[in-house]
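Structure first, then comments.
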Amino acid sequence: MSLIEFSTSEELYRESLALRHAVLREPLGMDLYSEDLSAEVQQMHFGIVREGALIATLTVAKLSQTSAKIRQMAVSPDAQRTGAGSQLMQGCLACLAERGFAEVSLHARKTAIPFYAKNGFEETGEEFLEVSLPHRKMRRAL
Ligand SMILES: CC(C)(COP(=O)(O)OP(=O)(O)OC[C@H]1O[C@@H](n2cnc3c(N)ncnc32)[C@H](O)[C@@H]1OP(=O)(O)O)[C@@H](O)C(=O)NCCC(=O)NCCS
């Protein structure tokens, strides 16, 4: 299993869209491909490749010189709870720290809060709805 960073012009980005659509949108009856993804050209994209296939992905938006937001984290169903998500998160956080970021935030689905807590994030603020699901904002220092 290896951590990889890719840009929106690479085949891995197309694979990551398919994974995000299957894990984060299709189960909700939504279509990732109908969303405006144009801002993603400026964002950072990370993944974990196992046996030649992308099994986990996340995207990072830069909010300021020192602050970033993690979005669109998805692990393929047959790889969930095997440590791929944590490997991806920890690798991504190490890269962001190296690049000078001091704080990372995200919107966590309620069901994923224990995963982010295990990876050092703390809940902040009230619960809110996003893509029809309850979420909490979480953040951690780097
Ligand atoms: C949530 C998700 C990203 C976690 O990635 P993962 O690779 O499955 O997580 P890991 O195997 O690294 O889990 C590490 C620890 O996090 C916690 N954890 C992970 N998923 C959890 C869940 N669904 N419920 C409770 N705890 C969970 C556990 O403590 C786990 O350790 P354990 O398996 O030894 O008990 C992944 O399961 C996923 O893509 N889920 C569906 C989409 C989703 O919810 N994405 C997040 C949107 S905000």
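Where a number appears in this text, it was derived from the coordinates with a stated rule and is not lab data. Given the structure is predicted, the values throughout are model-derived calculations rather than measurements. Because the Cβ atoms are built from the backbone with ideal geometry, glycine has one as well, and the counts that use them run over all protein chains shown.
On the basis of being away from the ligand (no atom under 11 Å from the Cβ), on the phi > 0 side of the Ramachandran plot, more than 13 Å from the chain's Cα centre (by Cα) and in contact (Cβ under 8 Å) with a residue 12 or more places away in the chain, does S132 make the cut?
Yes: the conditions hold for S132.
Could you please tell me which pairs satisfy a Cβ distance under 6 Å, a separation of 6+ or placement on different chains, a first residue in the range 72-99 that is closer than 20 Å to R139 by Cα and in contact (Cβ under 8 Å) with a residue 40 or more places away in the chain, and a second residue that is surrounded by 20 or more Cβ atoms within 10 Å (Cβ to Cβ) and of a type in the set (F, W, Y)? Listed pairs, sorted by first residue: C92/F46.
Here's the yes/no breakdown for (1) farther than 20 Å from E5 by Cα; (2) touching a helix residue (DSSP H, G or I) at 6+ places or on another chain (Cβ under 7 Å); (3) surrounded by 15 or more Cβ atoms within 10 Å (Cβ to Cβ); (4) among the polar types (S, T, N, Q):
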| position | (1), (2), (3), (4) |
| --- | --- |
| E26 | yes, no, no, no |
| L32 | yes, yes, yes, no |
| E40 | no, no, yes, no |
| H45 | no, yes, yes, no |
| A108 | yes, yes, yes, no |
| G125 | yes, no, no, no |
| S132 | yes, yes, no, yes |
| L142 | no, yes, yes, no |
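Name the single residue that is farthest from the ligand (Cβ to nearest atom) among those in the range 96-106 being loosely packed, with under 15 Cβ neighbours inside 10 Å and of a type outside the set (K, R). Among residues in the range 96-106 that are loosely packed, with under 15 Cβ neighbours inside 10 Å and of a type outside the set (K, R), the one farthest from the ligand (Cβ to nearest atom) is G100. Among the residues in the range 20-35, are any of a type in the set (S, T, N, Q) and under 25 Å from R139 (Cα atoms)? Checked against the condition, which is being of a type in the set (S, T, N, Q) and under 25 Å from R139 (Cα atoms), the range 20-35 yields no hits at all.
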